[in-house]
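**Q** What follows is a structure written as structure tokens; I'll ask about it next.
Just so you know, all these numbers are worked out from the coordinates, no wet-lab data involved. Only a predicted model underlies this, so the values are computations on that prediction, with no experimental measurement involved. Note that each Cβ is placed from the backbone with ideal geometry, even for glycine, and that neighbours are counted across all protein chains shown.
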Amino acid sequence: MTLLRPLLLAPFLLSLGACATQTATGKNPTQALDKLVTNTASAGNVVENSVLRAGNEAALALRLPRGLLQLQVSCSAESANWLYVDTPGRMYAVGQSQYREPIPLTSDTARTLRSLPQVVQACAQNPDWRKLANFESGNDGHVLLDIASLEPQPDGSLKLWAAFDYPSLAYDAPYQAPYGSKVEQLQVNCGRNTYTWLTGYDLDPRQRVTDGRIEASPSARTFSSASADYLAILQAACKPHEQLSALARAENRDKPAPDLENQPALDAGVARYVTSLGFDAPRKSLSYLRTEGTSTFKGETKPLIEEFWFQPGDTPGLLHIKRQGTGYVSQDTSFMGMLELSSVTHYSKAQGTCEVEKLELEGNWKQMPVGEKLSYRLTRKENFSIIGQTRDTQETRCEVIRELSAAELNPQLSGSAKEIHCSVVDDKYKRIDTRYFLEDYGLVFRQGDSRNEFYYSDSRIVRFR
């Protein structure tokens, strides 16, 4: 999966927002964010009912003089993120009311947040999510309950965290915040058959809060007023703990992005050319793959997590791929995962399309013997919302370096792999990227690039099916 275009453009486009948030003095605005978070956290302003254990992190809100500040901090590492602020209008970044990626805070700020008693308590308790029911609507959603969160209250009621887990990624108005699940805190009084809604968070597939609301004036409602999905939660909360422990554990489901519109049609001449190459159908197929690693953009290194969903194309050698990672989601038709022939990409601040109008291959692409020189030359048309339309011709030259067992890339992979080194002709940074052709699966995995002053990444396969 060669994410050359999205991977290079995503950090660049994300950086445009950072440029827009510079103060008049040119100072980095995150310094002010760290100072605000540290001062507010030190004053003990954690909002009641705001702390949620989400994956290996704790989400929390701090009270500001005129609003709330939403944060997320790791339970095991010195890392934390600024998510958004409500004052009372929503801002994800300075001057940005629509959803933006979280802003990393310093390790010192993370340590301050991790020392808060509420965070210490949340990180000490591992969630235990159990499935209660399917959505009444029947769209493959799951109603879940964290049975480890059941907390008796002085009045005999219980506080708990429940979730509505969706089968795919979606975007919530009005901020276009991505979510794969909605997690809510309720207070349930089984003796009175009443419940109170306290807090609700939208979580993306990486368990990061993207939107939320903390009820300022909670009020009780009767069980009889609840929908079937809520009633499943309320009835479960009133059962003995032994019965809850017997429930099936919740699945950790992948959340594919929804179909994107406006993907250009695959050029008919390019499609005929790929068909004429006569590739054999792969022995096996992959429907999903997840990679993890790091990316470095202009000296700043960040975690890199990407997910891919595959469907076979109309002819061997063609793949339909959905991809999502930090700052982008894309949909394309690809030549073996080696290069995108037709694609549409949505970034957090822009969107673009790409269409290859002409493709030429040289070398033995079918067998890829060790030592073989491969190359491809393409002419493409691109259209980006903040850049405009461009058309260019690019040549990439590759060499097959060695053959190895695919199990070296992931123990569960079968067959052999060919290590391929590629570089773009006239690349000013003289980058060499490393790719692996997985023979059993008929696709290319791009591991990373050589170090350079602009952008490079390094990834490994952590899960597939």
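**Q** Gain in length, Gln389 to Gln118, computed as 0.36 nm per residue apart minus the alpha-carbon separation, to one decimal in nm?
**A** Numbers: separation 271, 0.36 × 271 = 97.56 nm, distance 5.10 nm.
Taking 0.36 nm per residue and subtracting the Cα distance, the gain is 92.5 nm.
**Q** Given Cα pairs under 8 Å that are at least 6 residues apart, what percent is the relative contact order of the range 129-246?
**A** About 21 percent, as a whole number.
**Q** Only four residue types carry charge here, +1 at the Cβ of Lys and Arg and -1 at the Cβ of Asp and Glu. Report the dipole size of the chain about the Cα centre in Debye, rounded to the nearest 20.
**A** So the dipole magnitude of the chain works out to roughly 600 debye.
**Q** Put +1 on the Cβ of each Lys and Arg and -1 on the Cβ of each Asp and Glu in the range 158-317; which of Pro316, Ala281, Thr210 then has its Cα farthest toward the positive end of the dipole?
**A** Thr210
**Q** For a Förster distance of 41 Å, can you work out the FRET efficiency between the beta-carbons of Ala77 and Ala170, rounded to the nearest 0.05?
**A** Details: r = 29 Å, r/R0 = 0.71.
After rounding to 0.05, the efficiency reads 0.90.
**Q** How much net charge surrounds Thr112 when only other residues with a Cβ under 14 Å from its Cβ are counted (Lys, Arg +1; Asp, Glu -1)?
**A** With Lys, Arg at +1 and Asp, Glu at -1, the neighbours total 0.
**Q** For Leu361 and Glu48 in one chain, what is 0.36 nm times their gap in residues minus the Cα-Cα distance, to one decimal in nm?
**A** 106.5 nm
**Q** Something else now. Using just the helices of the chain, give the 222 nm mean residue ellipticity in deg cm²/dmol: DSSP H runs with n ≥ 4 each add -39,500 (n - 2.57), and the total is spread over all residues, rounded to 500. Let's see the in-between values first.
**A** Details: 7 runs with 70 residues, N = 465.
My calculation for the chain gives -4500 deg cm²/dmol from helical runs alone.
**Q** Rg to Rh for the range 30-124: what is it, with Cα atoms only and Rh by Kirkwood?
**A** Ratio of gyration radius to Kirkwood radius for the range 30-124: 0.93.
**Q** Same structure, new question: Treating the beta-carbon of each Lys and Arg as +1 and of each Asp and Glu as -1, no other charges, what is the dipole magnitude of the range 30-124 about its Cα centre, to the nearest 20 debye?
**A** Charge dipole, the range 30-124, about its Cα centre: 160 debye, nearest 20.
**Q** What dipole magnitude, in Debye to the nearest 20, does the range 268-464 give about its Cα centre under +1 on Lys/Arg Cβ and -1 on Asp/Glu Cβ?
**A** 240 debye
**Q** Just the number: Rg to Rh for the range 202-296, Cα atoms, Kirkwood Rh, two decimals.
**A** We get a ratio of 1.17 for the range 202-296.
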